[in-house]
Amino acid sequence: MTRAVKRNSTAARQGWHPGVLAESGRMNQPSPTSASLTAAPASAPAPAEARLQPEQRGAYPMFRAIATRWSDNDAYGHVNNVIYYHWFDTVVNSHLVAQGALDIAQGTTIGLVVETHCNYFTPLAFPQGVELGLRVAHLGRTSVRYEIGVFAEGAATAAAQGHFIHVYVDRATRRPQALPPVLLQALQPLRAAG
């Protein structure tokens, strides 16, 4: 019993819910031993991982200008990382509102963010102007993956780029809902090539 509790608490620290582990079969797998966690011998080189490169402005079909604020800068003199996520929300939701695909106050279908990520390449700082590029990389039955490029005003290369995934749900029940036709129509011009 103690071992199972320990395994569950380890799973919780790693962000896994015990029920998910049980369904996946991972719950009954042996815990890693210290021998399995040791580094490879020095003679075995680590596999080379390609470094993500910033994208060019042409990769995004729509842009929205955003003004940086004095309070966006942190103690290190650049825009703090959490501000980028505010910008992601702003560019997506302002597009949806402008297209009539999101009624913030009374719409029956709403998007909940279930995943988000950002890579940073070049610092931005107040009072710099910022332009956010937006595209849709994937349309599922109930979800959308939005990709955002953050550009210094007029720059050809992204200072940061990331994504977030909305799962669309019924406002009252919070159960997933098929993407409404008005939303699909608003997203078509943002579809990524390929």
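What the table below lists for this structure:
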| read-out | value |
| --- | --- |
| Every residue from segment 58-78 that is without any contact (Cβ under 8 Å) to a residue 60 or more places away in the chain and outside any helix (DSSP H, G or I) | Arg69, Asn73, Asp74, Ala75, Tyr76, Gly77, His78 |
| Leading residue by the ranking (farthest from Tyr76 (Cα to Cα)) among those in segment 118-140 that are outside any strand (DSSP E or B) and out of contact with any Pro (no Cβ under 8 Å at 6 or more places or on another chain) | Gly140 |
| Pairs where the first residue, in segment 98-126, is in contact (Cβ under 8 Å) with a residue 24 or more places away in the chain and the second is part of a loop (DSSP other than H, G, I, E, B) and among the aromatic types (Phe, Trp, Tyr), C-beta under 9 Å, 6+ apart | Pro123/Tyr76 |
| Whichever residue in segment 158-191 is small (Gly, Ala, Ser) and farther than 18 Å from Ala101 by Cβ and, among such residues, is nearest to the chain's Cα centre (by Cα) | Gly162 |
| Meets criteria (over 16 Å from the mean Cα position of the chain (by Cα), of a type outside the set (A, V, I, L, M) and within 28 Å of Leu52 (Cβ to Cβ)) for Gly77 | yes |
| Filter result (in contact with a helix residue (DSSP H, G or I) (Cβ under 6 Å, 6 or more places away or on another chain) and part of a helix (DSSP H, G or I)) within segment 79-95 | Ile83 |
| Segment 131-156: number of residues that are touching a Gly at 6+ places or on another chain (Cβ under 9 Å) and β-branched (Val, Ile, Thr) | 3 |
| Flag if Ala172 is modelled with pLDDT of 95 or more and crowded, with 16+ Cβ neighbours inside 10 Å | no |
| Residue satisfying all of: in segment 86-120; more than 16 Å from Pro181 (Cα to Cα) and hydroxyl-bearing (Ser, Thr, Tyr); nearest to the chain's Cα centre (by Cα) among these | Thr116 |
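The values are calculated or read from the model by the stated rules, or taken from the named source; none is laboratory data. Just so we're clear, the structure is a prediction, and the values are computed from it rather than from any experiment. Reconstructed Cβ throughout: ideal geometry from the backbone, glycine too, with neighbour counts over all protein chains shown.
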